[in-house]
Amino acid sequence: MVKRSGEFGGGVRDGSATAQERFIVVEGPIGVGKTELAKKLAEHYDCGALLEQTAENPFLERFYRSGHAAALPTQLFFLFQRAAQIEELKQSDLFRPIRIADFMLDKDRLFASINLDRDEYALYGQVFEKMAIEQPVVDLVVYLQAPVDVLLARIARRGIDYEALIDRVYLERLSDAYARFFYEYDASPLLIVNAASIDPIHNSDDFGQLVAQIDATSSGRHFFNPVAAALA
């Protein structure tokens, strides 16, 4: 069970908080650029960032190379790692300065549903529930979307050897799962970004427009597609 707590994190829903007082999560499928954007937002807002530590997972390369054989330990390692990150921050009273993250625990089940068979998923679910992780209230989710061709190209550009083994079919399933998840998501305000049409990491104008939209989004569901807006 994932517990939501207003004790740490933002928890603001009335639009009265500044961006620096909110807990913002950047999410999206592999290769969409969520970690780089989270880092840049943390730099912009002069705050800390809670980031996935994928390189620390000793099973991840095995998963990409062998598939299902390493799926369960890969999934459990990430679950334990993310829970430990949150607990460490809470115990050390360092959570309040953290305002940007590139993952949310809710999406762990998304990956588990894709990567695990029925019995493994049931076991994973038992572990997840027993851990009763308390995570902060999310004030805004920035969900990055991009076509699979774009994801594959970006994965290839970053040049991580075992990521080259990620195939189109897996990315299509993952992207579809993200789309379904966020289609039903209503736990916090949601900003859906067409990440294929902008480059907020290297283009200052794109970044400035995105930050302005983030600052303006305090409730509901919104879409950010500056290219479409310019052509309208």
So, with points 7 Å from each Cα along the Cβ direction, the LYS130-ARG157 label distance in nm works out to 4.3
Added length on full extension, which subtracts the Cα-Cα distance from 0.36 nm per residue, GLN209 to ALA84 = 41.6 nm
How many percent of the accessible area of the range 166-208 is carbon or sulfur, using a 1.4 Å probe?
-> 47
Could you give the nm distance between label points at ARG65 and PHE223, where each point is 7 Å from its Cα heading toward the beta carbon?
-> 4.3
For the range 154-232 (alpha-carbon point model, no solvent) the Debye-based log₁₀ I(q)/I(0) at q = 0.13, 0.22, 0.27 Å⁻¹ works out to -0.57, -1.13, -1.20
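The values are calculated or read from the model by the stated rules, or taken from the named source; none is laboratory data. Here the structure is a predicted model, which is why all the values come from computation and not from measurement. Using ideal geometry, Cβ is built from the backbone for each residue, glycine included, and neighbour counts are taken over all protein chains shown. Each accessible area value is taken on the protein alone, full model and side chains, heavy atoms only, with ligands, DNA and RNA left out. Shrake-Rupley method; radii C 1.70, N 1.55, O 1.52, S 1.80 Å.
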